[in-house]
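Below is one structure, written out as structure tokens, with a few remarks after it.
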Amino acid sequence: MAELRHDWTIDEIEALFALPFNDLIFRAHGIHRAHFDPNAVQVSTLLSIKTGACPEDCAYCPQSAKYETELEKERLLPLDEVLEAARRAKDNGASRFCMGAAWRNPTDKNLEKVVAMIEGVKSLGMETCVTLGMLEDRQAKRLKDAGLDYYNHNLDTSPEFYGNIITTRDYQDRLDTLEHVRDAGIHVCSGGILGMGESVRDRASMLRQLANLPQHPESVPINNLVQIEGTPLAGADKLDPFDFVRTIAVARILMPTSFVRLSAGRTDMNDEMQALCFLAGANSIFYGEKLLTTDNPEAEHDRRLFERLGLHWLEPQTCHQHDDEGDVPAQAAAH
Ligand code: SAM
Ligand code: DTB
Ligand code: SF4
């Protein structure tokens, strides 16, 4: 297996974006096939465990307290409600349960409540993921001890464009949290959002940040901006769907053994576009009618789409992949 690279330049990545579409997709798909079963998709279900009233000013986010959106705020959900939702997700076939909180960072008291949720979801036999904002080193270790499998913390965009989107924290804060998560031995889930007015060079620069981390994130969510009335990004120019597919393909080329998630924004995509994303190397989705606060495609629609494309879902134990420089993932080895 080719060695994984961590020394990409922005120019090299921009050159990938500039390839003719067919050449780019062909190359990405070949890499995808070499490392994964191309017809297997990892499926996660999301739950917002604490909704709205977030002190941060992320220009895309319905949950920021700085913007007037129609969102109903909710306090941290009680444990039994969370476990009930996890059980439903498991019954519907999800292998991973992801819990998101609209916090800048968790307090130690709240972290203990989340620890109980992680332990409860693990005991159902599901993989766990949480996204709680910035973490201290010791908080990441506490989550690892609780059995957490994945921590989601997105870089969202390039370092150059970041200040246009968020002013209440900086890029280095995000990188520091990713380092704490990695050091604690938790799998890293980190990606970004497209369609916020960024340039192709920004997309290249964001992917470079992810690919040049000391170890590639195991999971790389690529979100298409869900435009929310009341946020500064409502009314932003919509992305050309082919540019979204191109970004998936480039992520696949740069991070050959990572799961690339076709993440938020699927309700705005037709089935043909999603099929192109799977062809380009996406092999993970959020499944279930809701993301955190916004809509996701109906479960029945996704089941039908999988059927039409001959895709199948990955079981939880096969979703952990590679030790960065190394092993063929279980699901690829089987094929
Ligand atoms: N507060 C934590 C944080 O920001 O890390 C966790 C929750 S936050 C909602 C998780 C991620 O959701 C963000 O990093 C962003 O990438 C994504 N997200 C939020 N609003 C979105 C939107 N309108 N469209 C697409 N992605 C969005
Ligand atoms: C990620 O990259 N996308 C998910 C998850 N990580 C937490 C969140 C998408 C949120 C979309 C807007 C909403 O539903 O509130
Ligand atoms: Fe808060 Fe996360 Fe939304 Fe930013 S993305 S406003 S940190 S919930």
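The values are calculated or read from the model by the stated rules, or taken from the named source; none is laboratory data. Since the structure is predicted, the reported quantities are computational estimates derived from the model, not experimental observations. Here the Cβ positions follow ideal geometry from the backbone for every residue, glycine too, while neighbour counts run over all protein chains shown.
Table for the structure above
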item: Residue in the range 122-133 that is part of a loop (DSSP other than H, G, I, E, B) and either closer than 18 Å to VAL188 by Cβ or within 16 Å of ligand 3 (Cβ to nearest atom) (or both) present; result: yes
item: Set ARG169, ARG203, ARG174: member being of a type in the set (Lys, Arg), on the phi < 0 side of the Ramachandran plot and crowded, with 22+ Cβ neighbours inside 10 Å; result: ARG203
item: Condition broken by MET206, with the remaining ones in (1) within 16 Å of ligand 3 (Cβ to nearest atom); (2) hydrophobic (A, V, I, L, M, F, W, C); (3) in a strand (DSSP E or B) satisfied; result: (3)
item: Hits in the range 61-74 - residues which are closer than 16 Å to ALA101 by Cα, of a type outside the set (Gly, Ala, Ser) and in a loop (DSSP other than H, G, I, E, B); result: CYS61, PRO62, GLN63, LEU71, GLU72, LYS73
item: Test: GLU119 is free of Cβ contacts under 8 Å to residues at least 24 places away in the same chain and more than 16 Å from ligand 1 (Cβ to nearest atom); result: no
item: Test set (1) closer than 25 Å to ILE186 by Cβ; (2) more than 10 Å from ligand 3 (Cβ to nearest atom); (3) hydrophobic (A, V, I, L, M, F, W, C); (4) part of a loop (DSSP other than H, G, I, E, B) - LEU47 fails condition number; result: (4)
item: Checklist (1) at pLDDT below 95; (2) more than 15 Å from ligand 3 (Cβ to nearest atom); (3) assigned to a loop (DSSP other than H, G, I, E, B); (4) closer than 30 Å to ARG203 by Cβ applied to GLU160, failing item; result: (1)
item: Residues of the range 51-60 satisfying the condition of being more than 9 Å from ligand 1 (Cβ to nearest atom) and either under 21 Å from ASN164 (Cα atoms) or not hydroxyl-bearing (Ser, Thr, Tyr) (or both); result: GLY52, ALA53, PRO55, ASP57, ALA59
item: Residue satisfying all of: in the range 70-102; surrounded by 18 or more Cβ atoms within 10 Å (Cβ to Cβ) and within 12 Å of ligand 3 (Cβ to nearest atom); farthest from the chain's Cα centre (by Cα) among these; result: LEU71
item: Meets criteria (of a type outside the set (Lys, Arg) and not in a loop (DSSP other than H, G, I, E, B)) for ALA234; result: no
item: Positions within the range 10-41 being touching a residue at least 24 places away in the same chain (Cβ under 8 Å), among the aliphatic types (A, V, I, L, M) and part of a helix (DSSP H, G or I), in sequence order; result: ILE10, ILE13, LEU16, LEU24, ILE25, ALA28, ILE31, ALA34
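Here is a yes/no grid of residues against (1) within 14 Å of ligand 1 (Cβ to nearest atom); (2) closer than 25 Å to ARG169 by Cα; (3) out of contact with any Pro (no Cβ under 7 Å at 6 or more places or on another chain); (4) at pLDDT 95 or above:
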residue	(1), (2), (3), (4)
GLU68	no, yes, yes, no
GLU74	yes, yes, yes, no
LEU77	no, no, yes, no
ALA85	no, no, yes, no
ALA89	no, no, yes, no
PHE97	no, no, yes, no
